[in-house]
Every structure is written in C-alpha cells, then in structure tokens.
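My questions all concern the structure below.
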Amino acid sequence: MINDYNMLSGLQKVAILFSVLGESLAMTLVKGLSRTEIRKIRSSIREMGQISFSVKKRVMEEFYFGFLSEQFQPAVEEGPLVPFDFLEDLNDEQLSALLAKEDPPVIAIILAQLDAEKRMKILESSDPTEKGQLLIELGSLDDIPLEAIIEVAAKMREKASFLPRTVDFSRGGGKEIAGMLSNMSADEEEKYLQAIANEDPELHKEIKKHHLTFDDIIEKFPPDILRGLLNAVELDELSVAVKGVDQEKVDELIEMLPQKKQAMFEPIEKPLPKREVDTARKAIVAGAKKLEESGEVNLADILGGGEMVE
C-alpha cells in the first residue's frame with residue numbers, strides 16, 4: 001500500500017486523482033491530455049495498487065487549492081451562485097437522458113442537487129450494481145474539489161440545453177434541434193451534431209431530415225432550384241463560400257450562373273480564415289431556408305425525410 005505522499009511522482013498524483021474522481025470527471029480538471037498521456041495514467045493506476053486514504057486526501061487537497069488559486073474567481077453578483085438551477089426546468093425523462101452514459105461521480109453530483117422524490121426515481125431506475133456505486137459516491141461528495149463541481153455544472157448545463165422537450169420531440173424534435181444547431185458557429189454545430197450521433201443515432205437521423213448544410217445544398221438540391229439560389233447570391237460572397245470546394249464541383253456551380261455572371265466570377269486564390277468561409281456558407285443556407293418558408297422547396301424531401309417515387 002502507498003503511504004508516503006512525498007514519494008509520489010506527478011504522473012502518480014494525476015493517476016490517483018483519476019482513480020478517486022473517475023476518468024470523465026477528472027478530465028474536466030486536467031485538460032489538454034494527449035491519448036498517450038491518458039494511456040500512461042491508466043497504466044499507472046493499475047500498477048500502483050492500494051493507496052492509503054491519507055495519501056488520496058493529500059492529492060485531492062493539492063489539486064483543490066491549485067485550481068482555486070489559479071482559475072476560480074468569485075463572481076460579482078447579487079445573491080449566491082446557483083450553478084445547478086437549470087435542473088429545476090427538467091422533467092424526469094429529461095433528467096434520465098441528461099445522466100445517460102455519465103460516470104457515477106457525475107451522476108452522484110447531479111443527484112445531490114435534486115429533491116428526494118426525483119433522486120429516488122433515478123436511483124430506482126438504475127442498475128442494481130450501479131445503484132450501490134451511486135450511493136457510495138453520494139456519501140463521498142465532500143472529497144470532490146469545488147472546481148470540479150463547477151466544471152460538472154457547466155458541462156451538464158450545456159448538455160441539457162440540447163435536450164428536446166418531450167412534447168415537441170414526439171411531434172418532431174429533430175426539426176427543433178436542427179434549428180438550434182443552425183444558429184451556432186460552424187465548429188459548434190459540427191461538434192454537437194457529432195455528439196448527438198454518438199449518443200442517440202435515431203435522434204441524429206431525425207435531425208438530419210431538417211438540418212441543412214452548404215454541402216447539402218450543392219450536392220442534393222435540384223439543378224433548377226440550385227440555379228436560382230446561386231444567382232441570388234453576390235459573386236463576392238459566392239467566391240468565398242466555394243473556397244475549399246473541389247474545383248470540378250466549383251466549375252459545375254459556376255456554369256449554372258448566367259453567362260455574364262460566369263465571366264465576372266473571380267475565384268479567390270489566397271487562403272481565407274475558416275470563419276469567413278463559414279459565414280458566407282451560412283448566408284447561402286439561410287437563403288435556402290427562405291425558399292422552404294415560401295413553399296418553393298421541401299427540405300425533408302431533399303434531405304431524405306420524405307417518401308420519393310422513382
């Protein structure tokens with residue numbers, strides 16, 4: 001058994017943090033780890049064997065005070081900070097979806113914020129083995145640093161913002177979420193869509209019936225609709241939007257324009273910031289959605305959501 005805190009290496013301290021908090025929660029504290037480093041941490045956990053309670057406590061205190069001194073700055077606002085207030089707006093089904101696939105320490109932190117009735121409903125629906133682990137974690141929350149609690153609150157608040165409302169979901173929650181995604185930056189849009197694909201493939205499939213991208217427009221729109229859409233776009237904006245698109249496809253798109261516009265089109269040779277390209281593409285996507293609002297196109301049919309007859 002490891003009893004001497006002073007003999008621990010930095011890697012061993014991190015490994016102890018991971019073993020106490022669980023990998024998911026620990027990684028909210030120790031950011032930027034490479035896959036190689038994570039493998040070393042896992043290997044170190046297996047090699048260390050048993051660790052005394054006093055050593056674990058010293059490691060937790062070190063990380064706790066380190067994070068508080070370097071990162072945590074109290075907010076200047078009236079009243080106490082309430083990081084888990086978003087939980088009040090979630091029903092039982094949404095809470096279950098929120099906690100799905102989370103590690104026991106994270107679930108225990110959330111359970112501790114709920115009233116007794118909601119807490120018991122979630123515990124009763126848990127696997128018997130997991131239930132015992134959750135009860136142990138609930139009794140050990142005093143060992144978790146404040147910084148970790150705040151990180152968990154921020155992570156779960158963000159995750160909760162993408163939960164479909166139960167009533168809306170039964171009527172087509174994918175459309176609502178697709179609308180939310182379209183208002184994000186391109187990087188966020190891609191990140192959350194991928195997260196949904198990993199967590200709930202069926203919901204992802206429903207979202208894709210309504211989630212329109214620039215690639216969908218240039219690959220799936222009927223030529224007559226695409227021609228009119230491109231003709232309505234300023235040439236400068238179009239030249240930015242097609243930056244990075246395969247040249248053969250760009251030539252195909254430009255050939256859809258009137259001959260006068262084809263002659264005036266000037267490709268951009270220099271590199272462009274991704275942000276500029278994404279902005280130009282989102283403007284074209286917005287134009288396509290206006291076509292749906294006017295009844296000129298049905299995106300569900302174009303994106304594969306409607307029945308088609310050959």
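Kindly provide the GluC sites (Glu not before Pro) of the stretch 215-308 that DSSP labels as loop, not H, G, I, E or B, and whose Cβ sees at most 13 other Cβ atoms within 10 Å.
GLU234, GLU255, GLU269, GLU296, GLU307
Once the stretch 168-288 is represented by equal point scatterers at the alpha-carbon sites, with solvent omitted, what log10 I(q)/I(0) does the Debye formula produce at q = 0.12 Å⁻¹?
-0.50
Now a separate question. Need the list of lysines near LYS159 for cross-linking: C-alpha distance under 16 angstrom, and skip anything on the same chain fewer than eight residues off.
LYS101, LYS191
What number, in percent, do you get for the relative contact order of the chain if the mean sequence gap of Cα pairs under 8 Å and at least 6 apart is divided by its residue count?
Across the chain, relative contact order equals 15 percent.
Report the local net charge at LYS40: Lys and Arg +1, Asp and Glu -1, summed over other residues whose C-beta lies under 15 Å from its C-beta.
On the way: positive: LYS13, ARG35, ARG39, ARG42, ARG46; negative: GLU23, GLU37, GLU47.
Neighbourhood net charge equals +2.
Separate question: Mind checking Rg over Rh on the stretch 85-163, alpha carbons, Kirkwood formula for Rh?
Computed over Cα atoms, the ratio is 0.93.
Rounded to the nearest whole Å³, what is the per residue volume of the convex hull around the Cα atoms of the chain?
For the chain, the hull spanned by Cα atoms encloses 220 Å³ per residue.
With a sphere of radius 12 Å drawn around the Cβ of VAL297, what net charge do the other residues whose Cβ falls strictly inside it have (Lys, Arg +1; Asp, Glu -1)?
Summing Lys and Arg as +1 and Asp and Glu as -1 gives -3.
So, one more: Using DSSP to call loops (not H, G, I, E or B), can you name the trypsin sites (Lys or Arg not before Pro) in the stretch 170-260 whose Cβ has at most 15 other Cβ atoms within 10 angstrom?
Sparse-neighbourhood loop trypsin sites (Lys or Arg not before Pro): ARG171.
With r defined as the distance between the Cβ atoms of GLU269 and LYS40 and R0 fixed at 30 Å, what FRET efficiency is calculated, to the nearest 0.05?
Numbers: r = 45 Å, r/R0 = 1.50.
Efficiency computed from Cβ-Cβ geometry: 0.10.
Bear in mind that the values in this text are calculations on the coordinates, not laboratory data. In this text, all values refer to a predicted model and were calculated from it rather than measured experimentally. Glycine gets a Cβ as well: all are built from the backbone with ideal geometry, and neighbour counts include every protein chain shown.
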